[in-house]
Amino acid sequence: MSVSVASKQMFIGGEFVDSVSGETMEVLNPATGEVIARVPRGTTEDVKRAVAAAKKAWGTWQDKTPKDRMELLLALAALVDEHAEELARLESLNVGKPWWVARDEPPVVADNLRFFAGAARNLEGKAAAEYVEGYTSIIRREPLGIVAGICPWNYPLFMAMWKAGPALAAGNVQIIKPAEQTPLTLLRFAELAQDVLPPGVFQVVTGDGVPVGDALVRDPAIALVSLTGDTATGKLIAANAAQTVKRVHLELGGKAPMVVLDDADPATIAEAIKIAGFFNSGQDCTAASRLLVSERIYDEVVAQAIAAVESLTVGDPGTDEEIGMGPVISAEQQQRVLGFVERAVDAKATILTGGGTVGSRGFFVKPTLVADVQQDAEIVQSEVFGPVVTVQRFASDDEAIAMANDVRYGLAASVFSQNVGRAMKVAAKLDFGTVWVNEHLYPLTSEMPHGGFKESGYGKDMSMYSMEEYTRIKHVCVKLG
Ligand code: NAD
């Protein structure tokens, strides 16, 4: 099935429009470096247009019932299901995802939307009672009004829908800015949904972080900005949002450890790191980017991990070959990732496998394992966001916990052991928003929250907890008689 992409427009007030400036930006296929589309390069004026349309939409949208909102979300989920293959192909083309990765995403997106369709009808305030004689107090859980979502490039439609599901279910109207590198699936989703969505309830403004994202953050009419992105971007957005005392929800970077205790099975670990470290070319905020292994089984685990990682086939997902891993998103990201590896080698790290690029076109990086790294090394402490995993050894469970927690991030971690009680003790002490036991990355489920601690951000995606980001509590006090 071929995907045709050309000049795209953004989605404002229920219509597809160009930027007021008329300017466009190129969208590339990272596996080839070729231009596959042009989208509008939005401006602050475009954000103003979207905010004006959102205000208009809010006027009537706020009177919709939970049932109305549920029906809209169910209709959106059905559209995603109906066009699942097309959306997956487009995501594969724009992000460089292997087909086996891309094809799994639309069904999960549809499931998220259905979960939030149900959530729309399960919102509640906690009490309505007489706490003072002669008065009834009522708690109302209300939408915030106009909310904004700012998305990263690694899971473009996925991350946008993690924001749209709870935002629309709670009764907000929403403006989303996709990442500049990967706007195509969200724009296609908007095309599919144009007849379902009342004008201005859901809008997509394409463009750069500054000015488009920045204008959303600064606009006083917008009640919340939800960012999924880099920690540095999150800090900037939190500071800028403070000017209008805007609510902020931040899903930021990660540096997930996979902690391997001395009774774990080396073959299981080797297969686990092959997936958890290199899924989506390691461009996953929860990727197992640090393999921490008990010194008692270190040599065996490392030998098997090298063989497993070297079995990954790297290539263009657009070809018919079975590809294990695609490119990273851009030439800039490729250079950034290689820079981390070069500086680690300068600091006496050993490349166990990988390092360097693959082929002569596209933005490929070899799946890379790096050993002999100090805990305070840049490559251990900073998010690389590419197919690079460091390997460290530890002497005791306590040392493993200390090393795992000794980073500024706190998004996800895992612990592997055949003794579940021992693994649970470690899990309790890991300072991360998600901890897997004998697993890493899977499964994601709509019912469970996703969100980080420390510099990985605050707030939750998915689950009923995410509804709290998109709602506010009002106390209404009624004098009786
Ligand atoms: P990024 O921070 O560079 O960009 C994210 C978005 O922010 C983009 O849409 C960008 O245009 C926008 N932006 C940039 N500067 C801005 C500004 N000053 N004001 C407003 N918006 C601005 O991140 P990225 O490189 O697209 O994505 C990779 C990052 O996302 C990684 O750090 C990764 O860990 C993180 N991520 C986190 C999660 C999570 O759930 N915690 C999930 C996926 C990705």
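Where a number appears in this text, it was derived from the coordinates with a stated rule and is not lab data. What you see is a predicted model, and the numbers here were worked out from it, not measured in a lab. FYI the Cβ positions are ideal-geometry reconstructions off the backbone, even for glycines, and counts take in every protein chain you see.
Observations on the model:
- Selected residue [touching a Cys at 6+ places or on another chain (Cβ under 9 Å) and within 16 Å of the ligand (Cβ to nearest atom)] from F432, F385: F385
- Being assigned to a strand (DSSP E or B), buried (at least 16 other Cβ atoms within 10 Å of the Cβ) and small (G, A, S) is a property that holds for A37.
- Considering the stretch 207-226, and only residues there that are within 19 Å of M10 (Cβ to Cβ) and in contact with a Leu (Cβ under 7 Å, 6 or more places away or on another chain), the residue that is nearest to the ligand (Cβ to nearest atom) turns out to be V225.
- Output for the stretch 132-172, where each listed residue is of a type in the set (S, T, Y) and more than 16 Å from the ligand (Cβ to nearest atom): Y135, T136, S137
- Of the listed requirements (1) within 16 Å of the ligand (Cβ to nearest atom); (2) touching a Phe, Trp or Tyr at 6+ places or on another chain (Cβ under 7 Å); (3) farther than 30 Å from R121 by Cβ, V407 misses just one: (2).
- Being more than 20 Å from T44 (Cα to Cα) and among the acidic types (D, E) is a property that D195 has.
- Among strands (runs of 3 or more DSSP E) entirely within the stretch 98-157, having at least 2 residues that are charged (D, E, K, R) and farther than 28 Å from A179 by Cα singles out 135-143.
- The residue list T368, T350 contains one member that is in contact with a strand residue (DSSP E or B) (Cβ under 6 Å, 6 or more places away or on another chain), free of Cβ contacts under 8 Å to residues at least 60 places away in the same chain and under 23 Å from P30 (Cα atoms), which is T368.
- Residue count for the stretch 373-392, restricted to those that are assigned to a loop (DSSP other than H, G, I, E, B) and out of contact with any helix residue (DSSP H, G or I) (no Cβ under 8 Å at 6 or more places or on another chain): 1.
- Set side by side, the residues V407, V415, V426 differ, and just one is part of a helix (DSSP H, G or I), among the β-branched types (V, I, T) and surrounded by 13 or more Cβ atoms within 10 Å (Cβ to Cβ), which is V426.
- Contact map, the stretch 122-140: residues that are free of Cβ contacts under 8 Å to residues at least 60 places away in the same chain paired with residues that are of a type in the set (A, V, I, L, M), Cβ distance under 8 Å, separation 6+ or inter-chain. Pairs shown: K126/I139; A127/I138; A127/I139; A128/I138; A128/I139.
- Where V196 falls short, out of the listed (1) β-branched (V, I, T); (2) part of a loop (DSSP other than H, G, I, E, B); (3) within 15 Å of the ligand (Cβ to nearest atom): (3)
- Residues (surrounded by 14 or more Cβ atoms within 10 Å (Cβ to Cβ) and either more than 16 Å from the ligand (Cβ to nearest atom) or charged (D, E, K, R) (or both)) located in the stretch 348-363: A349, I351, L352, T353, G354, G355, T357, V358, G362
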